[in-house]
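The values are calculated or read from the model by the stated rules, or taken from the named source; none is laboratory data. Just so you know, these numbers come straight off a predicted model, no measurement behind them. Cβ sites come from the backbone with ideal geometry, for glycine too, and all protein chains shown count toward neighbours. The area values use the complete protein model at the heavy-atom level, side chains included, leaving out ligands, DNA and RNA. Shrake-Rupley method; radii C 1.70, N 1.55, O 1.52, S 1.80 Å.
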Amino acid sequence: WGGSATTDDCGTCDDDPTNDCLPNVVLKTTADFYSNESSWELKDSDGAVIESGEPSDRNAVDTTQLLLADGSYCLVISDSYGDGGMAAELSVNGDLVWTSAGGSYSTQEHCFEVAPAAATDCAGVAGGDAVEDQCGTCDNDPANDCVQDCAGEWGGAAVEDDCGNCDA
């Protein structure tokens, strides 16, 4: 009772906002003066509408952030008058995948896939192949990986002498 914990979109219940799920799909729409003519729908692979919206006001820029499961989706933007009053930008996993600049249309549709974002390597490169060695060097060159010295220390300077003793 009286706690501050909430359940995020991934189902984690705590009071730590740093581990909350981030949206993987962002839709930014820009309405024209006749915003009441414009709307959008997001449909899943079965054609069922899972989200929809319309401009909040004339000439409004609205951003809708969504956390969608992996799969296929289609975004449909519509203008009831047929003169294409709303522009849209659609991003998936941080990448801009579609831009509609408005123009003359009754409906425009863009279908897209949501898949897991590529994992990043130790250098922060999505899909990269750099790895961190035991000494903390992050690269994709195994020739410069550090080794264990005779005392068992990674990157250490101890060497074995002619008598087989490990000298630090």
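Data for the structure
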quantity	calculated
Surface accessible to a 1.4 Å probe, Cys111 within the full protein complex, Å²	70 Å²
GNM top mover of Ala123, Ala48, Ala60 - the chain, alpha-carbon springs below 10 Å	Ala123
For region 23-37, Karplus couplings with θ = phi - 60° (6.51, -1.76, 1.60), whole Hz, Gly/Pro x	x, 9, 9, 10, 10, 10, 10, 10, 8, 9, 5, 9, 4, 5, 8
Region 31-168 - percent of accessible surface contributed by carbon and sulfur, probe 1.4 Å	44 percent
Ratio of Rg to Rh over the chain (Cα coordinates, Kirkwood Rh, two decimals)	1.29
In sequence order, calculated HN-Hα J values of region 73-83 (Karplus, 6.51, -1.76, 1.60; Hz; x Gly/Pro)	9, 10, 9, 10, 10, 10, 10, 5, 7, x, 9
Where only alpha carbons of region 112-168 are counted, the Rg and the Dmax (Å)	18.2, 68
Fluctuation leader among Ala151, Ala31, Ala87 - the chain, Gaussian network, Cα springs under 10 angstrom	Ala151
Part-to-part distance (alpha-carbon centres) for region 19-89 and region 93-144, which is given in Å	23 Å
Residue of Ala115, Ala88, Ala157 that the Gaussian network model of the chain assigns the largest fluctuation, springs spanning Cα pairs under 10 Å	Ala157
Exposed chymotrypsin sites (Phe, Trp or Tyr not before Pro) absent: longest stretch of the chain, with sites in DSSP loops and at most 16 other Cβ within 10 Å deemed exposed	106-168
